[in-house]
Amino acid sequence: MHAVLVSYFILSLLAGLLALFPWPAARIRGYFGGMGGALAALVGLIPVIAVLGGGSPIDMQMSWGLPLGSLHVRLDLLSAWFALPVLFVSALGGIYGMGYMQHYGERSGVGVNWFFYQLLASGMFLVLISFDGVLFLIAWEIMSFAAWFLVMFDHEQGTVQKAGWIYLAATHLGTAFLFALFILFADKTGSLDFSTFAVATGSANILFLLAVVGFGAKAGFFGLHVWLPEAHPAAPSHVSGVMSGVMIKTGIYGLIRVLTLCPVWEDWWGWLLIVIGICSGLGGIIFALVQHDIKRLLAYSSVENIGIICLGLGMGILGMKYQSPIAFLGMAGAMLHVLNHAIFKTTLFMGAGAIVNATGTRQIDLMGGLQKKMPGTALVFLIAAAAICGLPPFNGFVSELLIYLASYHGIIDHASSGAYPAFGGFAVIISLALIGGLAALCFTKVYGVIFLGTARDNRDVHAHEAPRTMLFPMLILALLCLAIGLNGYLLLHIVGPVVTGIHPQGSSMTGANMTALTQAWQTIGSISLVCCGVIALAALIVLIKFLAVRNRTICQEPTWGCAYSRPTAKLQYTGTSFVEPLASAFASLVRTRSKGDVDSSYFPQPESMSTNTPDLFMNGVYLPLFSGCSALFAHLRRIQNGRIHVYILYIILALCGIIVWSFA
Amino acid sequence: MEFRMNAPLALTGLAAALILSPLLRSIINRTKARFAGRQGQVMLQPYFELHKLFQKGSVYSHTSTWIFRAGPVVEITTVLAALCMIPLGGNPALIHFNGDLLLFVYLLGMGRFCTILAAMDTGSSFEGMGASREAFFSALAEPSLLIGLGGIAALTHSLSLSEMYGRLNIGILESPMAPALVFILFAFLIIFLTENARIPVDDPSTHLELTMIHEVMILDHSGFDLGLIEYAGSLKLWVLGLLLTGLILPLHTHSAELNLVLAIGALFLLAVCVGVIESTMARFKLIRIPQLLVIAFVLAALWIIWIARYSA
């Protein structure tokens, strides 16, 4: 197995390097970058599936020439669970990219893009299996930088440069906290190996906070999320799919890994995660709703889903203290949502890429009626949209259901004792329900405006279906949405040992109350059965309808326009108008700015009006903060005035300082 | 206490729902007519209308796609599935398991999702308008429904609708948390009126497209499809009505058959109440509806105070 693990990295890098080679046709680069990468991922999946299937963890330790750390990799259950979507999604993303990058033809930079794509995939995998602080940080930086190069693909555009810059700043600020985190962990033993990490008394809380900020910046917790809505629209679509679907999950992985290293979990960690979850979930979806740019919208929706994962983790930590099944249910829900979100969000980004390629715009309000021109893309997009809203029978429902069950058990098991899980459950149910309802609003907007109705702009008239290399990966992912939705029981079996392995006394996670847990398993099983029944019932009704209306007159007429005889496509409801009731209800939060006004005079002239919603934290916190910093540091320029003799004076002063210091 | 399903009785309840649910509409109409001093329609009028619609051919818009035709099918399927999960008169439903309340709520959500998309499929601005309102208001109503059910779950220590409603009996009133049920009841009444598009949230009999919510979404549906939607609407009245009447009428006699009859009688009574509300109230302004839903939410969530009292 060790050899297989190593050969993944070799194959993946080889695929990337071969794609760099100046081949006569751009297509060949795609074959190496996409197909080669997919092949490597298949090899990488072998040890991952072996570990998840009950095999022993794969441990490899070598020394390297560096003074710090060691080459210690370990593929245990937790790593394997996160590695599953990483390998699978990046392989499908590569295949999709083969079709997507054809759009760019012989443009320079395509090969470089493939190289960094493979580097990103193997970097993410290395992050997951690193078991040494130094190795982890190296892998973390490889991953982050590879993603930066990918975001900067269209680097001649000003917006892309800005996006890359914001991403780079955000990821480095996060990494700074990780440095502090690992140094604190190694404080006691002096070794950076994860297995020797020990929590000094009293430092557990600081460790946890450092992890929340450091890993939260990557995961996109609300407040630290500002890079997501910038970087995702800028990157090519398969890259944004991989970044949003799996790369941000390495942040969640890091947080859980830190939890595994802490022997005792504090109660308030759970509360903090629940609060972060509520803010990310609601903030993410409300900002997603008011976006005009499809990829920006999807980026905000990732923030929302990270919030849902945090809600599950929070309930899990909270339940741990009470030895109740809540711990297991919450954690299992979070872990399953990691996988599920990777599947449906990547599908949505891939779908968005197909749409953007077909129409040449990312503006939702300029599209319309694509259902007829891109039926395949429309179908997979619809499935993924229903899944992300947590609707049965798709996979999003299964993971949200587990988090709901954790919350409801928090209420019914602890209501009479008035214990805290009851309040946690109370908050989580309300926020999950509101998030779910708003997500349905958001994705009916996206699907309804983009695919349904008629084209709002004449560029859509020439839109065409995506090539097969792009459709195929989306179709597989969409089928997985349905398959997981109907086989939640199976998935729960796989994720069970992963979850109980998170806490040192993991077996106590299931709690004394085993009946509640068996009930939960039965719930998932029953739901699969009922969903199958519902699908069969729908088929039956379709059949009845078909038989009943067989011989009747079915005619086609224009849409009823209240007797208005000359409707145009511009009269349709737009995405902006669709969410206007919500935007005005949350006006104090979203602060949409509008330019131009509606002409209400008797003889209206052509008018234009535009709205945009800047990010709350970007405009409210980070821009003032950073412009303040740069104004402050501008004063420092005075000492760098370009006069040589002053510089010599500095050197002498520094020397004197050192001499004085050495005597003191 | 054991809850064993009386299968023949559950099937009878299901059959009663399938047959009697359109009657709820005629009871509402008859009540409204009496208030207005009119005679009102024949009680069987909704049946005649359904019969007529199911006989007809259909007109489809040029703009619409398969989504438009799938909408009504998903709607009726999900309502039928929800119907199989809701207990009638203390007798467990045909489908019941731990946590079925979540599937119940989310199946209805799936039906709504498809109805909204079907409305947007026509490309009509009116239907987009209705879809937008429906999506927004139901997003606000969802937390109240789930947290209200959470309150009942806390009171009855169960996560299955059949058990939750089965355990609501006179004995439960001794629990210190019992007063919370009154608040949940009012919250569910608001949700019932919202989800079924009744006054004061939506006016099913209005003729101005601009002010409609649910009715405007189905403007372009016709024939068999419209029949499915209308029938699903009646069933939805029945299903959500049972969530409400189960709280009003927690008295269970020893005879299961009598319980069934009582529960159906309570539903008819609820229909009369809806008629009274519709006759004595006007529809709220659209911008007021979120406020109404927030009130419903507060009422539904008030039970947490009793739990906080335990911990104090």
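Read-outs: derived from the displayed coordinates by stated rules, not from any lab. What you are looking at is a predicted structure, and each value in this text was computed from that prediction instead of being measured. Backbone-built Cβ (ideal geometry, glycine too); neighbour counts: all protein chains shown.
If I model segment A:168-226 as equal point scatterers sitting on the Cα atoms and use the Debye formula, what is log10 I(q)/I(0) at q = 0.14, 0.15, 0.16 Å⁻¹?
-0.40, -0.45, -0.51
Translational D (Stokes-Einstein, µm²/s) of chain B at 4 °C and 1.567 mPa s when Rh comes from the Kirkwood sum over C-alpha pairs?
It comes out at roughly 65 µm²/s.
Once amide H atoms are placed 1.01 Å from N in the peptide plane, what residues at a sequence separation of 5 or more from B:GLY57, or on another chain, have their amide H within under 5 Å of its amide H?
Excluding prolines and chain starts, which carry no amide H, the hits are A:THR553.
Give the residues of segment B:100-140 whose amide nitrogen is closer than 19 Å to a point set 7 Å from the Cα of A:ALA563 in the direction of its Cβ.
Answer for this model: B:125-127.
How large is the translational diffusion coefficient of segment A:234-289 in µm² per second when you combine the Kirkwood radius over alpha carbon pairs with Stokes-Einstein at 4 °C and 1.567 mPa s?
After rounding, the answer is 96 µm²/s.
Take A:PHE472 and A:LYS162, extend 7 Å from each Cα along the Cα→Cβ direction, and tell me the distance between the two endpoints in nm.
That separation, rounded to one decimal, is 3.9 nm.
Dipole of segment A:320-544, Cα-centred, from +1 at each Lys and Arg C-beta and -1 at each Asp and Glu C-beta, to the nearest 20 debye?
On the way: 9 positive and 6 negative charges, 75 e Å.
Charge dipole of segment A:320-544: 360 debye, to the nearest 20.
With the Cα gyration tensor of segment A:320-544 in hand, give its eigenvalues times 5 under a square root as the equivalent ellipsoid semi-axes, listed largest first in whole angstrom.
Here the semi-axes work out to 38, 18, 16 Å.
To the nearest 20 Debye, how big is the dipole of segment B:10-311 about its Cα centre, given +1 on the beta carbon of each Lys and Arg and -1 on that of each Asp and Glu?
Here segment B:10-311 has a charge dipole of around 580 debye.
With r defined as the distance between the Cβ atoms of B:VAL59 and B:VAL261 and R0 fixed at 45 Å, what FRET efficiency is calculated, to the nearest 0.05?
The pair B:VAL59/B:VAL261 has a calculated efficiency of 0.60.
Straight-line reach from A:LYS188: which aspartates and glutamates have a Cα under 16 Å away, not including same-chain ones fewer than 8 places off?
The reachable aspartates and glutamates, counting only those whose Cα sits under 16 Å from A:LYS188, are A:ASP132.
What nm distance separates the two modelled labels at B:MET281 and B:ILE295, each placed 7 Å from Cα along Cα→Cβ?
So the label points at B:MET281 and B:ILE295 sit 0.7 nm apart.
Identify, among A:ALA654, B:LEU168, A:ALA200, the residue whose Cα sits farthest towards the positive end of the charge dipole of the protein assembly as shown, taking +1 on the Cβ of Lys and Arg and -1 on the Cβ of Asp and Glu, with the dipole about the Cα centre.
Toward the positive end, the furthest listed residue is A:ALA654.
Assuming R0 = 41 Å, can you tell me the calculated FRET efficiency for the pair A:TRP268 and A:ARG638, based on Cβ-Cβ distance, to the nearest 0.05?
Using R0 = 41 Å, I get an efficiency of 0.35.
Could you give me the ³J(HN,Hα) list for segment A:42-48, computed from phi with Karplus coefficients 6.51, -1.76, 1.60 and θ = phi - 60°, whole Hz, x at Gly and Pro?
4, 5, x, 5, 4, x, 4
Can you give the percent of C-alpha pairs in segment A:2-124 whose distance is more than 24 Å? Provide the component values of the computation, followed by the final result.
Values: 2493 of 7503 pairs.
Roughly 33 percent, rounded to a whole number.
For A:ASP193, list long-range residues whose amide hydrogen, built 1.01 Å from N in the peptide plane, is under 5 Å from its own amide hydrogen.
Answer set, sorted by chain and number: A:GLY133.
Can you list residues from other chains, or at least 5 along the same chain, whose modelled amide H is less than 5 Å from the amide H of A:THR611?
For A:THR611, the qualifying residues are A:LYS595.
Given +1 on the Cβ of Lys and Arg, -1 on the Cβ of Asp and Glu, and no further charges, what dipole in debye does the protein assembly as shown carry about its Cα centre, rounded to the nearest 20? List each step's numbers first, then the result.
On the way: 49 positive and 46 negative charges, 203 e Å.
In debye, rounded to 20, the protein assembly as shown gives about 980.
Go through segment A:61-66 residue by residue and turn each phi into a ³J(HN,Hα) via Karplus (6.51, -1.76, 1.60, θ = phi - 60°); whole Hz please, and just put x for glycine and proline.
Per residue, the Karplus-derived 3J(HN,Hα) values read 10, 9, 8, 10, x, 6 Hz.
How large are Rg and Dmax for segment A:561-664 when only the alpha carbon atoms are used, in Å?
Cα only, segment A:561-664: 29.6, 96 Å (Rg, Dmax).
For segment B:200-287, what is the relative contact order in percent, using Cα pairs closer than 8 Å and at least 6 residues apart in sequence?
On the way: 35 pairs, mean separation 36.3, N = 88.
Across segment B:200-287, relative contact order equals 41 percent.
Please state the shape class of segment B:176-312: rounded when a/c is under 1.5, otherwise prolate if a/b exceeds b/c and oblate if not, all from the C-alpha gyration tensor.
Here segment B:176-312 falls in the oblate category.
Testing the spin-label approximation: label points 7 Å from Cα along Cα→Cβ at B:ALA36 and A:SER600. State their distance in nm.
Once both label points are built, they end up 3.4 nm from each other.
Between A:HIS493 and A:LYS188, what FRET efficiency comes out of the Förster formula 1/(1 + (r/R0)^6) with R0 = 45 Å and r the beta carbon distance, rounded to 0.05?
0.75
Can you grab the distance from the C-alpha centre of segment B:141-166 to the C-alpha centre of segment A:441-484, Å, no decimals?
First find each Cα centre; the distance between them is then 37 Å.
Counting C-alpha atoms alone, how compact is chain A: give Rg to one decimal and Dmax as a whole number, in angstrom.
Rg, Dmax (Cα atoms, Å): 26.4, 105.
Among the listed pairs A:LYS545/B:LYS236; A:LYS218/A:LYS295; A:LYS373/B:LYS56; B:LYS32/B:LYS236; B:LYS32/B:LYS285, which are separated by more than 24 Å between their Cα atoms? Walk me through the numbers before you get to the answer.
Working: A:LYS545/B:LYS236 20 Å; A:LYS218/A:LYS295 18 Å; A:LYS373/B:LYS56 31 Å; B:LYS32/B:LYS236 20 Å; B:LYS32/B:LYS285 21 Å.
The answer is A:LYS373/B:LYS56.
Which one of A:VAL258, A:GLY316, A:HIS238 is farthest out on the positive end of the charge dipole of segment A:231-377, using unit charges on Cβ (Lys, Arg +1; Asp, Glu -1) and the Cα centre as origin?
Of A:VAL258, A:GLY316, A:HIS238, it is A:HIS238.
Out of every Cα-Cα pair in segment B:31-83, what percent are more than 12 Å apart? Numbers along the way, then the final one.
Working: 1070 of 1378 pairs.
More than 12 Å apart: 78 percent of the Cα pairs in segment B:31-83.
Quick one: what are the phi-derived ³J(HN,Hα) couplings along segment A:656-664, Karplus 6.51/-1.76/1.60 with θ = phi - 60°, whole Hz, x for glycine and proline?
Listing the rounded values in order: 4, x, 5, 4, 4, 5, 6, 7, 5 Hz.
Quote to one decimal, in nm, the extra length available between B:GLN45 and B:ALA308 on full extension: 0.36 nm per residue of separation minus the C-alpha distance between them.
89.6 nm
Determine the equivalent ellipsoid of segment A:187-336 by diagonalising the alpha-carbon gyration tensor, then write out the semi-axes as square roots of 5 times the eigenvalues, largest first, rounded to whole Å.
With the √(5λ) rule applied to segment A:187-336, the semi-axes are 29, 18, 12 Å.
Quick one: among B:THR122, B:THR245, B:THR65, which has the greatest mean-square fluctuation in a GNM of chain B with alpha-carbon springs under 10 angstrom?
Looking only at B:THR122, B:THR245, B:THR65, the biggest GNM fluctuation is shown by B:THR65.
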